[in-house]
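Values in this text are rule-based calculations from the coordinates and carry no lab data. Computed from a predicted structure; not experimentally measured. As a convention, Cβ positions derive from the backbone with ideal geometry for all residues, glycine included, and neighbour counts pool all protein chains shown.
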Amino acid sequence: MFDKYKTRIRHLLSKKPDEHYESQSLLSNQSIEHLEIYAEGLHDAHNVVYWVFVLYGVAMLLPWNVFITASEYFARRFAGTSYDENFQNYFSICFTATNLLVFTYLLWQQSKATYRVDIFWPALANAAIFGILAISVAISTEGITYFALTIVLLVLTAATTSYFQVGVFADASRFPPQYIQAVMSGQGVAGVAVAVASILSAFAGSATDTPDEAAVTRSAFLYFMSAFLITVAALVGRVIVTRRPFYIRQMNSDPALLSNSPIEQEDEEEQVDDEQRFFSNQQQQTEVSILAVVQKSWGLVFAVAYVFIITLAVFPSITALIKSVSRHLPASATTQGEPIHSNNNRFLDDDVFVAFHFVLFNVGDWIGRILPIMDSMRTFKPKLLVVLSLLRTLFVPAFLFCNIVASDRTLPVLIDNDVVYFLIVSIFAVSNGWLGSLTMMAAPQQQSITSPAEKSLVGSVMSFSLVAGLAIGGGMSFGVRSMV
């Protein structure tokens, strides 16, 4: 590969000064070094860039997961205040509102060609926030003061996470589609880790045990330190990946060069033109219209939002209310909500049963995010993805007719088998991860999305649509809950 470029350089040097002005320009500003990067960056050696994007995905979901996983710790620190029972509502509102506002601002800024989000700084800010949270575990401050500190840190991490997410998806959109899949897969890994930690915690005690203060504090410290270390790892990955020739080439190439296959052209002058475009791409940027990008991708923008609207409409607000029929017989067989104990299987107890459904969902979601790696499980047809996302609406009535244990329940229990319920959860989860990944991967690959700036912007638009879908779905969950 290098011999080809060395031959071309010698050929350029042998030309007369006035024969090709482009040749002189090509050889200026350390162009020989740039040619080596261009030639070497055809492949992701050892898949380093791919795995760093996976790490980005893990770090992307950590902020919110840390706050919801340590809920028992926060409940104890807020004890005696008016927020000890409803602090999660404040967490959700503050995080989501900040997330959406900052996302909107960043999308507006990103339409300017000169604006680009560097993910190093938001990741560094998140590492600092997790470090502060870990230190705060040892501080005796409680009540309103600690609640105020937590809300401030929550809002800050919501803002920095928006920057981080926009930057990651904007970068990944300039790469082949499997790099967006890497980010989505990393998010799935984060979800699985949190769910497994929850069920292990449930199995560690009995259905009636209450963890002591030291155990809760120790668990919270481990959550915060784990988040800190993973975010630091993402920072190190950022430093490493920006020095990889493949990353440099993909981030600076024009669409004709965005591939993993070598460029083979018979005409030498056309090759020189490609190389010149590679070097001058950043100087040729123009402003991109958000509206134009949305119009080109409206089907996928809708599909990714709708996938997560349906998911959040029932999970976990409805699914967490569904209990084993071996512990709570359906209303048709006994008094609604009356517990029974036909056996001593710990798995059927409410805390473990509900925790397991979280594990099942997150594992299924992760599997769904991995499936697009296989060509047979990949499609980028917008109309088909819209139809498939709409079909997920069927999960709403499916869960409503499961064994929901609630005092105000009026719907009949039509699905009175735990195995069938878990099967529905599995399909629900896999379809969420699969369709969510496919829609995100498909957007930058559309033929109408041509320039690198458009690819970055459509990645950010899709990411915003995903977050908006989560917010809308969370709001709709109240309406779905009232249907029970």
Which of the peptides 181-190, 75-84 is most tightly packed, and how do the rest follow, judged by the mean count of other Cβ atoms within 10 Å per residue?
181-190, 75-84
Applying a 10 Å radius around every beta-carbon, put 349-357, 425-433 in order of their mean neighbour count, most first.
425-433, 349-357
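Any idea how many Lys pairs in the stretch 288-484 come in under 21 angstrom at the alpha carbon, given 8 or more places apart or on separate chains? Mind showing how you got there, number by number?
Details: K296/K381; K296/K383; K296/K455; K381/K455; K383/K455.
Summing the qualifying lysine pairs gives 5.
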Largest to smallest principal axis extent of the C-alpha atoms in the stretch 41-252, angstrom
58, 36, 25
Relative contact order as a percentage, the stretch 69-154, C-alpha pairs under 8 Å and 6+ apart, gives 52 percent
Integer Hz, Karplus 6.51/-1.76/1.60 couplings in order for the stretch 373-389, x for Gly and Pro
4, 7, 4, 5, 10, 10, 9, 10, 7, x, 4, 5, 5, 5, 4, 5, 5
Which cross-chain or sequence-distant (5 or more) residues have an amide H under 5 Å from the amide H of I322, H modelled 1.01 Å from N in plane?
V405
Built amide H within the under 5 Å cut-off of H328, gap 5+:
I340
How large, in Å, is the stretch 288-484 by the Kirkwood hydrodynamic radius built from its alpha-carbon pairs?
18.1 Å
For the stretch 288-484, what's the relative contact order in percent, using C-alpha pairs closer than 8 Å and at least 6 residues apart?
41 percent
